[in-house]
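Heads up, the thing below is written out as structure tokens.
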Amino acid sequence: MDLSVQQFRSEAEQALLDLYERSVDALPGDASVADLRQSAIRTYAGLGLPHRRIEAWKYTDLRAAIAEIPPLLAESDAPVDGTAFEAAFGKAFAQLPAYRVVLVAGAVRTELSDVQGLRDAGVEFGALAQMLESPPEWLMASLDAASASGDDVLIALNTALMTGGVALRLPEGLTLQKPVHLIHLDGADTPGSVYTRNVLVAGEGASATVLESFGTLGRAGVQRNAVTTVSLAAKSAIHHIKLQREALETIHLNAWVANVGADARYDAFQVSMGAALARNQVSVRFAGKDAATDISGATLARGKQHCDTTLVVEHDVPACESRELFKLVLDDESRGVFQGKIVVARDAQKTDGKQMSQALLLSETAEFDSKPELEIYADDVVCGHGATSGQIDEDLLFYLRARGLPEAQARALLIQAFVGEAFEALDDEAIGDAFAAVSAEWLGSPAE
Amino acid sequence: MLEIKNLHAKVDGREILNGLDLTIPAGEVHAIMGPNGSGKSTLSYVLAGKDDYEVTDGSVTWKGEDLLAMEPDERAAAGVFLAFQYPMEIPGVATMTFLRSAVNAVRKARGEEEYSTPDFLRTVKEKAKDLKIDMEMLRRPLNVGFSGGEKKRNEILQMSLLEPGLCILDETDSGLDIDALRIVADGVNALRSPERCMLVITHYQRLLNHIVPDRVHVLSKGRVARSGGPELALELEKSGYADYGDEATAA
């Protein structure tokens, strides 16, 4: 790792160091966790906030975008009830049957969460803040692995400042019948920074669906940094699904890091429609043969929203399969970014990797930046990528209008059809319907 | 019922319709024939309201109203239906969802009550059966992967569901084998009624054996060059369009 020493710090960059200094004594964790934090903040101090001259951040200049650093959100007893969920996520999503875990300022609100249900189902579960005080070996291993990745500033800052989140382990062979729904809700009153780390560990042959939804109570400007690490033992399966519908003042930084064992399957699905600036990173590393991943989703953006989806799939071992499909609907002056990197190591023969990003531009001033990167060191592989951007097809629009659909309804139907292709990755009908409903709501037309 | 007077229309700056006059009384079926490039399809698009077709002169009156002043969806609500020569494929929209959205949009615009789900399904089932359309086909995305015949039958299904007053069939016979042609023609004939008029656009006489018109008009260079009874179609079948400026046929 090449740690260049930063010459100059912006005010916000310095404010992050100050935030750490001010908070460090109160941050949860034992001595080993404190060491991780210390090392992470040093990494950050060396790198600063990523900017456009850093290749992975070419289209999303975080240093330019972040002017102020609000204080860490304190645990709040802000009232949260069913109406808050519906306002934040829409009715269909809020009512999805699941083991619900509600996090406010990163802290688990036990009175709103079905922790007992999870434990009864055989899941090892705890609030991260408590578990960091004497972390079990599996948790420490996950934290160490995330820190070892080193030069990702987003993750380094998260390690330094994480105050909340959950740690969840599925023992060998356990199949969860209901999804786990981690609901992150913040921003009731004052602006604040929220750093959460979720750690998911799936034992051999275990399987579960884990939903994460991000919403805002009220409208206060939240800066969110949320990292989830997923460790999949052989033959396990995790379907990891996200809805981000935060208020327009929000800065949303999110990284999912998955390590996938032999014959295991990690599928990620994300829909982003909120926040002023969102950066969604998903990185998947294949550690064992015959594993697979499908990473798909959609971005719906308007106004001046900026939404960046950056995927990295590392084929380190032979015979693994990766699929990526993202659909972006961009209106007004919004900007959508898709970066997809597929790295195939020399030994990773029989790799099968495909990537596709497609943007539908609804205005002249919307912008789509797409950057596929294929680094292939093996010689017996099938890899492909594609990117398209276009406008609504006027001939299709005319066909629908000639059948009596008013223009707005015809447009909405075509946009939904475009986005809907990404939703095919969801095999759970209730979840698929919930996403169709939130996207229909975004389009301003009621769902069927 | 439909009255077209001195219609001039341009596409991409080129004049295609050049003073077309045509009147179709209620209950009648009129056929428009003519060589390629005579303006047959342009007429159908102008009547349905496609954007890039610019009307520069003339008028179209439908049931006493100015059709040209209406948006495409308003025309559909007013009872104008165009069966497309090339029906559009729309991945991601289930045919059934599309049918239901269209029918309910038109019913709403006409001040009628929207169908309930069971009523709608029953109606579709009945009409689909007559057109030999499998319900499984209607669960597929609109026209995606449909054969030529399936697409055209789907157009006629939409026509019967939307209950139009003016049915415009644009080369509905193209790409159909004889069995499919018969099914489509039977579907169209079932819709003939004293309250409805039809405009059947075709290059070949063959369709008119099955859908027998009251009047036949020959289009040439953007205007009606000749009109007559059904026998005119037979005559054209023998002589071709050489007299009407079709160079391909003349050569």
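Descriptive notes on the structure:
- Among the helices (runs of 4 or more DSSP H) confined to region A:369-448, the ones with at least 1 residues that are touching a strand residue (DSSP E or B) at 6+ places or on another chain (Cβ under 8 Å) and facing another protein chain (nearest Cβ under 8 Å) are located at A:394-402, A:407-423.
- For region B:43-59, the candidate set comprises residues that are of a type in the set (Val, Ile, Thr) and surrounded by fewer than 23 Cβ atoms within 10 Å (Cβ to Cβ); within that set, the residue that is nearest to the other protein chains (Cβ to nearest Cβ) is B:Val55.
- Single residue of A:Ser142, A:Ser134, A:Ser207 found to be surrounded by fewer than 16 Cβ atoms within 10 Å (Cβ to Cβ) and at pLDDT 95 or above: A:Ser134
- Identification of helices (runs of 4 or more DSSP H) wholly contained in region A:49-95 with 1 or more residues that are touching a residue at least 24 places away in the same chain (Cβ under 8 Å) and closer than 23 Å to A:Arg335 by Cβ yields A:62-65.
- All of (1) more than 14 Å from chain B (Cβ to nearest Cβ); (2) touching a residue at least 40 places away in the same chain (Cβ under 8 Å); (3) not charged (D, E, K, R) hold for A:Leu330 with one exception: (2).
- Residue list for region B:75-102, filter: farther than 12 Å from A:Ala402 by Cβ and either at the interface with another protein chain (Cβ under 7 Å from one of its Cβ atoms) or touching a Gly at 6+ places or on another chain (Cβ under 7 Å) (or both): B:Gly79, B:Ile90, B:Pro91, B:Gly92, B:Val93, B:Thr97, B:Ser101
- For region B:116-136, the criterion of being without any contact (Cβ under 8 Å) to a residue 24 or more places away in the chain, surrounded by 14 or more Cβ atoms within 10 Å (Cβ to Cβ) and either basic (Lys, Arg) or within 13 Å of chain A (Cβ to nearest Cβ) (or both) is met by at least one residue.
- Filtered residues of region B:178-209 (kept if assigned to a loop (DSSP other than H, G, I, E, B) and either among the aliphatic types (A, V, I, L, M) or closer than 28 Å to B:Tyr115 by Cα (or both)): B:Leu191, B:Arg192, B:Ser193, B:Pro194, B:Glu195, B:Arg196
- Taken over region B:60-74, the criterion of being within 8 Å of chain A (Cβ to nearest Cβ), charged (D, E, K, R) and either crowded, with 20+ Cβ neighbours inside 10 Å or without any contact (Cβ under 8 Å) to a residue 12 or more places away in the chain (or both) is satisfied by B:Asp73 alone.
For every residue, the table says whether it meets (1) under 18 Å from B:Ile211 (Cβ atoms); (2) charged (D, E, K, R).
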{"site": "B:Asp119", "(1), (2)": "no, yes"}
{"site": "B:Glu126", "(1), (2)": "no, yes"}
{"site": "B:Lys129", "(1), (2)": "no, yes"}
{"site": "B:Lys132", "(1), (2)": "yes, yes"}
{"site": "B:Glu136", "(1), (2)": "no, yes"}
{"site": "B:Arg140", "(1), (2)": "no, yes"}
{"site": "B:Arg153", "(1), (2)": "yes, yes"}
{"site": "B:Leu166", "(1), (2)": "yes, no"}
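- Among the residues of region B:154-177, none is identified as surrounded by fewer than 19 Cβ atoms within 10 Å (Cβ to Cβ) and not in a loop (DSSP other than H, G, I, E, B).
- Within region B:138-148, not a single residue is assigned to a strand (DSSP E or B), in contact with a Cys (Cβ under 7 Å, 6 or more places away or on another chain) and either facing chain A (nearest Cβ under 10 Å) or over 25 Å from B:Ile24 (Cα atoms) (or both).
- Test: residue in region A:44-59 that is in contact with a Gly (Cβ under 9 Å, 6 or more places away or on another chain) and at pLDDT 95 or above: no
- Every listed requirement among (1) under 22 Å from A:Phe418 (Cβ atoms); (2) touching a Lys or Arg at 6+ places or on another chain (Cβ under 8 Å) is met by B:Leu131 save one, (1).
- Of B:Ala225, B:Ala180, B:Ala190, B:Ala242, all but one fail to be in contact with a Phe, Trp or Tyr (Cβ under 6 Å, 6 or more places away or on another chain) and either surrounded by fewer than 18 Cβ atoms within 10 Å (Cβ to Cβ) or closer than 28 Å to B:Glu163 by Cα (or both); the exception is B:Ala225.
- Residue within region A:222-242 that is of a type outside the set (D, E, K, R), more than 26 Å from A:Arg285 (Cα to Cα), modelled with pLDDT under 95 and not in a loop (DSSP other than H, G, I, E, B) present: yes
- Qualifying residue in region A:211-232 (condition: over 26 Å from A:Ala74 (Cβ atoms), of a type in the set (Lys, Arg) and surrounded by fewer than 24 Cβ atoms within 10 Å (Cβ to Cβ)): no
So that you can scan it fast, the table gives a plain yes or no per residue for (1) buried (at least 24 other Cβ atoms within 10 Å of the Cβ); (2) under 25 Å from A:Met273 (Cα atoms); (3) in contact with a helix residue (DSSP H, G or I) (Cβ under 6 Å, 6 or more places away or on another chain); (4) of a type in the set (Lys, Arg):
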{"residue": "A:Leu300", "(1), (2), (3), (4)": "yes, yes, yes, no"}
{"residue": "A:Ser370", "(1), (2), (3), (4)": "no, yes, no, no"}
{"residue": "A:Gly384", "(1), (2), (3), (4)": "no, no, no, no"}
{"residue": "A:Thr388", "(1), (2), (3), (4)": "no, yes, no, no"}
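- Among (1) out of contact with any strand residue (DSSP E or B) (no Cβ under 9 Å at 6 or more places or on another chain); (2) part of a loop (DSSP other than H, G, I, E, B), the one test that A:Gln116 misses: (2)
- Candidates B:Lys151, B:Lys108: the one that is buried (at least 17 other Cβ atoms within 10 Å of the Cβ), part of a helix (DSSP H, G or I) and within 14 Å of chain A (Cβ to nearest Cβ) is B:Lys151.
The values are calculated or read from the model by the stated rules, or taken from the named source; none is laboratory data. Worth saying up front: this structure is predicted, and the values here are computed from it rather than measured. Note: ideal-geometry Cβ built from the backbone for every residue, glycine included; neighbour counts use all protein chains shown.
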